[in-house]
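Heads up: the structure comes next, in C-alpha cells.
Every number in this text was worked out from the coordinates using simple rules, so none of it is lab data. For clarity, every value in this text was computed on a predicted model and none was experimentally measured. Every residue, glycine among them, receives a Cβ derived from its backbone with ideal geometry; neighbour counts consider all protein chains shown.
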Amino acid sequence: MDVEAKISELRSKIREADHAYYVDANPVLGDAAYDRLLSELVDLERQYPEFFDPNSPTVRVGGAPLDAFASQAHERPMLSLDNTYEHDDLQEWFDRVARSIGSEPSVHPEPHSLFGDQAVPDVLVALEPKVDGVAVSLRWERGKLVLALTRGDGVRGDDIVQQVRTIRNLPLVLSSAPEVLEVRGEIFMDDASFAHLNATRESAGLPLFANARNATAGTLKSLDPSVAAERQLRFVAHGLGVVSTELGSSWSDSRCRLEAFGIPVNGPSVLVRGASEAVSEIGRFDQLRHTLGYPTDGVVLRIDDFALQDQLGLTSRAPRWAIAWKFAAEQAPTRLLDVEWQVGKGGTLTPRATMAPVFLAGTTVQHASLHNIEEIERKDIRIGDTVLVEKAGEIIPQVVQPILAERTGLERPIVAPEVCPSCGQPLVRVGPKIYCINPSCPAQIREKLAWFAGRDQMDISGLGDKLVAQLVDAGLVNTFADLWRLDVQSLMGLEKVAEKSATSLIEAIDQARGQGLARVLSGLGIPQVGVVAARTLAEHFDDHHQLLAASAVDFEALPDFGEITAQLLWRWLHKQGGETVLSDLAEMGVDLRSVRAESSQLQSLADCVVVVTGTLPTLGRKDAEARLRELGATVTGSVSAKTTHLLAGEKAGSKLTKAQSLGVQVVNEAWLLAHLDTPSE
Ligand SMILES: [Zn+2]
C-alpha cells in the first residue's frame, strides 16, 4: 500500500473510532489500540508532510501556536438572544408571536390571553437548555471544517479553528453534509473537567477560574492550541448559519440531521405549545439542570418552524422568533459574622466568610468565598455587614456585596493578616494573593496529608480531616512517611481515639502501602500532577528509581505533558525535596512500583475483558471501570466475542441482550466488590 493510501486509511479508521465513541457511545477500539493508530499517523505525517491535512485527527493534540487570531466577517450576523427572567415577559413574547403570525390582530378579541389558548394553537416552540459557555460559528465546506468564528461583535469574530479542532466530540470531517454548512453552538467545559482544571491549578499555585465559562473563554484565548487540547472542551450545536441546502423545514428536523452527521446537539429538547406549557417545562429544566454535568444558565425558546421564523424576522440585535429564559442566580441576604484565613496545601491563604445560616439554591449555606483581599477592599465588605450571598454557576457561594443601607456603624473592616494563622511566620503578598512560604507550616502539612489519605489517592479509611489535624498538632506526623511510623499506642494518646479505631486505622494505613506508584504520585501534591498525569507516569515508568533518572525532556514526551508540567515535575523531584519524600516512603515499605510492573502477579482479574453497563447500586460507571482496571481487567466499551464478563446494573439494555446471546457471563456490582475485598496473592 502506498503511503498516501495508508495515511488516508488511518485517518478514516480513527474517525470511525471517534464517531463510535462520541456519537454512538459504543467504542470500537480500546484506548491503547486507538493511541497506536494515532501515533502511527503522527509518525507518517511527520515523515511525509506533503500529505498534510488541516482536519487530520492528529490536530486533536494541538499543533503549533499562533501569532494572533485572524479576524473575519460573519457571512450572516451572529445575533444574541433577548433575555428575560420574568414570567410576564415570557407571556408577552408568546402573545407577540401569536399576533404576528396569527390572523389579523383585530380578530383576537382578547390580546392579553395566553398564546396557547388562542386561534393558532399548533405553533410549536422548541425548548433547550442554554449551555453556559462561549458561542462560536463553525463552517464546514464540502464536509471539511474550515472556519470557527467567535461571536465577536456579532458582525466580525476571531477565527479559532485550530483551537476548535482539538475538541474531541466534534467531527472535523462530515460525510454527506451540504456543500456549505454553518453550525452555531456553544463551546463549554463540563463540571468534571472544570473541577479537574481548578484542582491542578490549585496544586500548581495558579489562580483559579471562577466558573466554567471563564475557564472556557480563557482557554480559547490562548494562542497555543495544545492548551485547548489539554483542557477537554466540548461543543453542542444550538443553531444554524449559512446552509447551502436546507436540512429540513424546522429546527427539530435540522437538529436530527445534525445529529446524524455526528455533530453533538444541545439536549434534552422538548416541543411545547403555548406559554403555560413552556413555563412548566422551564420549571422542569430548572430541577434537572444540576444533574446534567455541565453548566447551564437558562432555557432557549424558539419557534420550531423555519417559515414562521422568517415571517417573524429579526430586530437589529436579536431574532424575534426566539427568546432566552435566564435562571436568576439565587441570592439571599445574611449577616457576615467572621472571616477566617485558610491555608491551602500550596500555601495560599484564602478568606472564607462565616455567615448566619441562610437557605440558598436548595441548601443551607453558612460559608462563602470572599476571593481575595483586593476584592474585599474594592467592595468594602466589613465584618458585621448584612451581605448579599449568591450561588450562580459557581460551586462555592459568593459574597456579592454589602447592603450599605443596613450599616449600623459597628462594622469592623477586614484586614489582611501579616503572619500565617497556622505557623505564625510572616506572609508573602503578590498582588491580591497572600502566601505562607514556610515548608513546615502545620496547616499546609494538614492539607497535604488529608489529600494524600483521600479516596483517589492512598484511600486510607478512617483518616479524615479532623484526625489528620490531631496528628499534626500532636507532632506525631510531619511527613507523608510518618504515617507508617504511627502505632496503636501513640494514636490512643489522642483525644477521642479508642483502641478499636486506633487498631483499624493502623491496619488501613498498613494496607495503603500497596496502592502503587500512580496513587502515591497523585497524592503528593506535585504541581500539575493530578490523578490523570500520575497514571500516565506510572504507565511509562516502572518505579520511582526510573522516575528520578528521567529528564524534563523525557517527561515532556509523555502524552498530555506540556513543557511547564514537565519542568515543574522535574523541579519538584530534584530541587524541592521530592527525592527525599519518595525515598522516605520507600524506606517505610510503601510500594513505589507501577501497576504495570506488578500486574501479572497481583491482579485477580488480569485475564478478564469486562464491559460495564447500566446503573450500578453504589459505584459510578467511571469508578467501577477504574477499580476493574486496578484489578488488572481490560475494560472495553462494547460486548464482543472477546468479552469475558458483563458488569450490569439497572437498565442494562442492549449490551445485556448481546452478552446473553454470546453466552458472556453477566455479573453485578457485588461481584466486583467481592474481588476488591479479597486481594489475590
Ligand atoms: Zn504557615
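Can you give the extra length, in nm with one decimal, that the chain gains between residue 623 and residue 374 once fully stretched, where that is 0.36 nm per residue apart less the Cα-Cα distance?
Separation in residues times 0.36 nm, less the Cα-Cα distance, equals 85.6 nm.
I need 441, 436 ordered by Cβ neighbour count within 10 Å, fewest first.
441, 436
Using r as the Cβ-Cβ distance of residue 23 and residue 405, and R0 as 45 Å, what FRET efficiency do you calculate, to the nearest 0.05?
0.25
How much length, in nm to one decimal, is gained on full extension between residue 666 and residue 144, taken as 0.36 nm per residue of separation minus their Cα-Cα distance?
Length gained, residue 666 through residue 144: 183.7 nm.
Roughly how many whole Å is it from the C-alpha centroid of region 630-681 to that of region 1-56?
Result: 29 Å between the Cα centres.
What ranking of 636, 503, 364 emerges when the number of other C-beta atoms within 10 Å of each C-beta is taken as an exposure proxy, fewest first?
364, 503, 636
Just need the relative contact order of the chain here, percent rounded to a whole number, with Cα pairs under 8 Å and 6+ apart.
Once normalised by length, the contact order is 10 percent.
With a cut-off of 18 Å, note down the residues of region 541-556 whose backbone N falls inside the zone around a label point 7 Å from the Cα of residue 46 toward its beta carbon.
Those under the cut-off are 551-556.
If a/c stays under 1.5 just call it rounded; otherwise compare a/b with b/c (prolate if a/b is bigger, oblate if not). Do that for region 442-514, with a ≥ b ≥ c from the square roots of the Cα gyration tensor eigenvalues.
In terms of gyration-tensor shape, oblate.
Using only the Cα atoms, what convex hull volume per residue in Å³ does the chain have?
It is 203 Å³ per residue.
Using a simple charge model, +1 on the beta-carbon of Lys and Arg, -1 on the beta-carbon of Asp and Glu, nothing else, what dipole does the chain show about its Cα centre, in debye to the nearest 20?
The calculation lands at about 260 debye.
Just the number, please: percent antiparallel of the DSSP beta bridges in the chain, rounded to the nearest 5.
85
How do the peptides 337-347, 294-304 rank, highest first, by the average count of neighbouring beta carbon atoms within 10 Å per residue?
Result, highest mean Cβ count within 10 Å first: 294-304, 337-347.
Quick one: which of 30-43, 515-528, 246-259 comes out on top by average Cβ neighbours within 10 Å, and what's the full order, highest first?
Listed from highest to lowest mean packing, they are 515-528, 246-259, 30-43.
Which of the residue pairs 6/144; 496/622; 575/622 have a Cα-Cα distance greater than 29 Å in the structure shown?
Violating the 29 Å limit, Cα to Cα: 496/622; 575/622.
Residue by residue through region 165-179, which ³J(HN,Hα) values in whole Hz follow from phi under the Karplus form 6.51 cos²θ - 1.76 cosθ + 1.60 (θ = phi - 60°), with glycine and proline marked x?
Whole-Hz 3J(HN,Hα) from phi for region 165-179: 5, 7, 6, 6, 8, 10, x, 8, 10, 10, 9, 6, 8, x, 3.
What list of ³J(HN,Hα) values in whole Hz, one per residue of region 552-561 in order, does the Karplus curve 6.51 cos²θ - 1.76 cosθ + 1.60 (θ = phi - 60°) give from phi, with Gly and Pro shown as x?
In residue order, the calculated couplings are 4, 5, 4, 5, 5, 6, 6, x, 6, 9 Hz.
Work out the FRET efficiency for residue 487 and residue 673 from their Cβ-Cβ distance, taking R0 = 30 Å, and round it to the nearest 0.05.
Rounded to the nearest 0.05, the efficiency is 0.50.
Any idea how far apart residue 510 and residue 318 come out in nm if each label point goes 7 Å out from Cα toward Cβ?
6.7
Ordered by packing density, taken as the mean number of other Cβ atoms within 10 Å over each peptide's residues, highest first, how do 190-203, 446-459, 486-499 rank?
Final packing ranking: 446-459, 190-203, 486-499.
Compute the FRET efficiency between residue 542 and residue 252 as 1/(1 + (r/R0)^6), taking r as their Cβ-Cβ distance and R0 = 51 Å, and round to the nearest 0.05.
Working from the Cβ atoms, E equals 0.40.
Given 637, 670, 610, which one lies farthest toward the positive end of the charge dipole of region 603-677, if we put +1 on the Cβ of every Lys and Arg and -1 on the Cβ of every Asp and Glu?
Toward the positive end, the furthest listed residue is 637.
When the chain is fully extended, how far beyond the present Cα-Cα distance does residue 5 get from residue 328, taking 0.36 nm per residue of separation?
Difference between extended and current length: 110.8 nm.
Taking H as built 1.01 Å from N, whose amide H comes closer than 5 Å to the amide H of residue 400, not counting residues under 5 places away?
Hits under the 5 Å cutoff: 388, 389, 390.
Ordered by residue, what ³J(HN,Hα) values in Hz, to whole numbers, does region 228-242 give under the Karplus form 6.51 cos²θ - 1.76 cosθ + 1.60, where θ = phi - 60° and Gly and Pro are x?
With coefficients 6.51, -1.76 and 1.60, one gets 5, 4, 5, 8, 6, 6, 10, 10, 10, 7, 9, x, 10, x, 6 Hz.
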